Amino acid sequence: MLRVTEIFRSIQGESTHAGRPCTFVRLTGCPMRCVWCDSEYTFSGGEQIELEDVLGRVHAFGCRLVEITGGEPLAQKEAFRLIRRLCDEDYEVLVETGGYVSTETVDPRAKLILDVKCPASGEAERNHLPNLGRLRSDLDEVKFVIADRGDWEFALDIVAQYDLINRTKAVLISPAWGEIDLKELADWIAGSGLEVRLQLQLHKYVWGPDVRGV
Ligand code: SF4
């Protein structure tokens, strides 16, 4: 059984996969409380669904790209089995995780998009830093949500300390929605000279920031 908030088909809004058709499985629950969280509706409720039925709904959408997200998807043990089953069926599987739970036993065929929580989130102390050591340069991406200059400097420190430019497929710099001037953030990125990329959440520009299931 999995506790599921929603399963839907849309375009991928984030990461280097942005713009691609994608089925999303959004699992319920998260042990963190980032102050700028845009997914608070996942903290409770949801529907208990058998693993086979989750797979059936994914099949029905017909997309080869599937993202397992939340909430914090890895907070549910059954999520690891769902990921494995989707990989067995040759789906291209993305796992977006808030970085609190160990990724050690995630099926290695899945591609990770690992958040590193910055200080303004209020949750930076809970980053499970060993996850950074497991990132793979050909598959995995790391994401920093930036709300202010302190977050940007924190991100730069972590990128340098863990050699993330060389050890990941992409370093994504994402503005906390409504919290930071985009031009200012773009200027910091441009001036850094680093191979990091500004990531806008495409779905919010297409459908608006509060629309769910898109
Ligand atoms: S980890 Fe994600 S879902 Fe959980 S509180 Fe932070 S932003 Fe929200």
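Values in this text are rule-based calculations from the coordinates and carry no lab data. Every value quoted in this text rests on a predicted model; they were computed, and no experiment measured them. Methodologically, a virtual Cβ is constructed for each residue, glycine included, from the backbone with ideal geometry; neighbour enumeration extends over all protein chains shown.
From most to least packed by mean Cβ count within 10 Å, the peptides 167-175, 105-113, 133-141, 30-38 give 167-175, 105-113, 30-38, 133-141. Structural descriptor for the range 124-190: relative contact order 39 percent, calculated from alpha carbon pairs under 8 angstrom and at least 6 residues apart.
FRET efficiency for the Q161 to T16 pair, using the beta carbon distance and R₀ = 25 Å, is estimated at 0.65. Work out the FRET efficiency for W36 and S192 from their Cβ-Cβ distance, taking R0 = 25 Å, and round it to the nearest 0.05. Approximately 0.65, to the nearest 0.05. Taking a ≥ b ≥ c as the square roots of the eigenvalues of the alpha-carbon gyration tensor, the range 131-214 is classed oblate because a/c is 1.5 or more while a/b is no larger than b/c. Taking amide H as placed 1.01 Å from N in the peptide plane, L27 has its amide H under 5 Å from the amide H of T5, T69, G70, each at least 5 places away in sequence or on another chain.
Charge tally for W152 (other residues, Cβ to Cβ under 15 Å; Lys, Arg +1; Asp, Glu -1): -3.
Karplus-derived 3J(HN,Hα) values for the range 136-153, using 6.51 cos²θ - 1.76 cosθ + 1.60 with θ = phi - 60°, are 10, 5, 9, 10, 9, 10, 10, 10, 10, 8, 10, 10, 7, 4, x, 5, 4, 5 Hz; glycine and proline are entered as x.
The Kirkwood hydrodynamic radius of the range 84-153, based on inverse pair distances between different Cα atoms, is 13.0 Å. Look at the alpha carbon pairs under 8 Å that are at least 6 residues apart: their mean separation over the length of the chain gives a relative contact order of 19 percent. Computed from backbone phi with θ = phi - 60° and the Karplus coefficients 6.51, -1.76 and 1.60, the 3J(HN,Hα) list for the range 66-81 is 10, 10, 9, 9, x, x, 10, x, 6, 6, 9, 4, 5, 4, 5, 6 Hz; x is used for glycine and proline.
Nearest 5 is fine: what % of DSSP beta bridges in the chain come out antiparallel, could you say? Taking every DSSP beta bridge with both residues in the chain, the antiparallel ones total about 30 percent. Kirkwood radius for the chain, taken over all pairs of different Cα atoms as the inverse mean of 1/r, rounds to 17.4 Å.
Each Lys and Arg adds +1 at its Cβ and each Asp and Glu adds -1 at its Cβ; summed about the Cα centre, the range 104-179 shows a dipole of about 300 debye.
Can you tell me the order of 71-77, 121-127 when each peptide is scored by its average per-residue count of other Cβ atoms within 10 angstrom, highest first?
By packing density, highest mean first, the sequence is 71-77, 121-127.
Indicate the gyration tensor shape class of the range 1-116 (rounded, prolate or oblate), computed on the Cα atoms with a ≥ b ≥ c the square roots of the eigenvalues: a/c under 1.5 is rounded; otherwise a/b larger than b/c is prolate and the rest oblate. Here the range 1-116 falls in the rounded category.
Around the Cα centre of the chain, unit charges on the Cβ atoms of Lys, Arg, Asp and Glu (plus for the first two, minus for the last two) sum to a dipole of about 400 debye.
When a/c reaches 1.5 or more, the comparison of a/b and b/c decides; with that in mind, is the range 59-112 rounded, prolate or oblate per its Cα gyration tensor? Note, shape of the range 59-112 comes out prolate.
Calculated mean residue ellipticity at 222 nm for the chain: -7500 deg cm²/dmol, from DSSP H runs with n ≥ 4 weighted as -39500 (n - 2.57), summed, divided by the residue count and rounded to 500.
Spin-label model, S44 to D148: label points 7 Å out along the Cα-to-beta-carbon direction sit 3.0 nm apart.
Each Lys and Arg adds +1 at its Cβ and each Asp and Glu adds -1 at its Cβ; summed about the Cα centre, the range 11-113 shows a dipole of about 140 debye.
May I ask you to compute the full-extension gain from Q201 to R109, defined as 0.36 nm times their residue separation minus their alpha-carbon distance, rounded to one decimal in nm?
Contour length minus the Cα-Cα distance gives 30.6 nm.
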